[in-house]
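Reviewing the structure listed below.
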Amino acid sequence: MIDETAGRFWAAMQDRCPGQLPERDAALLHATLLRLLNGGEDRSARLASLRVLGCAYRDLGWRPWHAAALGGALLAVPGVRWRRVWRLVERTAARVGDGPAWWPAEVVDHDRAAEGVAALTVRPWRRLPHRPGQAVPVCTPRHPGRWRWLSPANAPRVDGTVEFHVRAVPGGSVSGSLVHEVRPGELLHLGAPADSGLELAGGDDDLLLVAGGTGLAPLRALVEQVAGASTRRRVTLIVGARTFTDVYDAIALDKLQQAHDWLRIVPAFSDDPDAEPAEQGTAIGLAIHHHRPGQHVYACGPPAMLAAARRWLPIAGVPADRLHLPTLGPR
């Protein structure tokens, strides 16, 4: 069943374009369109919504002449604003590939990995074609139409499950729900994966990975990708946190360290006087210390950490073509 407003939207579309919009897709599509039209979302969330709508455009076989039907079905939307949004959706549709508008996915595990952080494992109803380092728009029915970028923390698995790491941010209704409210058995929706700037560069050059907070997720996926490749490359993974108790995913990291002699994991504690001297400092500060010529450097974390990476890593000798930073979503 869909709510009354979405039901009227679907009925209006049926009158204008019979069979063009499946009833099962109407509620989520309606909510996503209204969120985008009403504004109030940041740039990252708008890009996530546009990617979903661009994929829906292709999946549902929309054409330019469907703009009038959709705009009329939405009701009470200023025409100028609708035409602007429609042009953005069309441009996005021209850049995305074929495939579903979204993938329903069941939450099969929810682990409170640390204070304010959750690791969610989901099983899409159809296999999600993601690659390590990519970002995925994610939406919970608790907040219909609000899409947020999350990066899988794993390389593709045989069973098709995908793991996401989420930190509840102040004022973040979606992240708060994913961390504190969502439980196994609930449904999420996943949009089409998108390149984020963190995909693994070719060749067999060594890697320096610098993680802060849940920015660890895509970098852990890169480590799994290296583990599954025929070519071995040495990897140093720096995991930044304020103190030892702020480190999450420690068990998985320890297993990775024990399983691979080419992997070195270095904690970086910015505010822990009890840490070993070699582990004291910011993630970027230790990255500068551990950087060696020829490495590809990947950094993912909070905005302040990324700003430091942009400023200091080039000064430390990291060439622009070997510095990889995320281009989608806050970290």
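When segment 266-324 is filtered for residues that are among the β-branched types (Val, Ile, Thr) and either under 25 Å from the mean Cα position of the chain (by Cα) or open to solvent by less than 30 Å² (accessible area, probe 1.4 Å) (or both), the ones remaining, listed by number, are Val266, Thr282, Ile284, Val297, Val318. For Ala168, the requirement of being of a type in the set (A, V, I, L, M), touching a Pro at 6+ places or on another chain (Cβ under 8 Å) and touching a residue at least 40 places away in the same chain (Cβ under 8 Å) is not met.
Scanning segment 102-110 for residues that are open to solvent by 70 Å² or more (accessible area, probe 1.4 Å), farther than 26 Å from His324 by Cβ and modelled with pLDDT under 95 turns up nothing. Within segment 107-127, residues that are free of Cβ contacts under 8 Å to residues at least 12 places away in the same chain reach partners that are part of a strand (DSSP E or B) and buried (at least 17 other Cβ atoms within 10 Å of the Cβ) with beta carbons closer than 7 Å, at six or more positions or on different chains, in the pairs Asp111/Ala118; Asp111/Ala119.
Matching residues to (1) in a loop (DSSP other than H, G, I, E, B); (2) open to solvent by less than 10 Å² (accessible area, probe 1.4 Å); (3) of a type in the set (Val, Ile, Thr):
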{"position": "Ala119", "(1), (2), (3)": "no, no, no"}
{"position": "Arg123", "(1), (2), (3)": "no, no, no"}
{"position": "Pro132", "(1), (2), (3)": "yes, no, no"}
{"position": "Asn154", "(1), (2), (3)": "yes, yes, no"}
{"position": "Asp159", "(1), (2), (3)": "yes, no, no"}
{"position": "Glu163", "(1), (2), (3)": "no, no, no"}
{"position": "Val166", "(1), (2), (3)": "no, yes, yes"}
{"position": "Gly171", "(1), (2), (3)": "yes, no, no"}
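Would you be able to say whether some residue in segment 201-209 is under 24 Å from the mean Cα position of the chain (by Cα), open to solvent by 30 Å² or more (accessible area, probe 1.4 Å) and within 30 Å of Ala101 (Cβ to Cβ)? Taking every residue of segment 201-209 in turn, none turns out to be under 24 Å from the mean Cα position of the chain (by Cα), open to solvent by 30 Å² or more (accessible area, probe 1.4 Å) and within 30 Å of Ala101 (Cβ to Cβ).
Within segment 53-63, at least one residue is open to solvent by 20 Å² or more (accessible area, probe 1.4 Å), more than 27 Å from the chain's Cα centre (by Cα) and either among the hydrophobic types (A, V, I, L, M, F, W, C) or under 23 Å from Ala192 (Cα atoms) (or both).
The values are calculated or read from the model by the stated rules, or taken from the named source; none is laboratory data. What you see is a predicted model; the values in this text were computed from it and never measured. Cβ coordinates were reconstructed from backbone atoms using ideal geometry, including for glycine residues, and neighbour counts include every protein chain displayed. Calculation scope for accessible area: heavy atoms of the full protein, side chains included, ligands and nucleic acids excluded. Shrake-Rupley method; radii C 1.70, N 1.55, O 1.52, S 1.80 Å.
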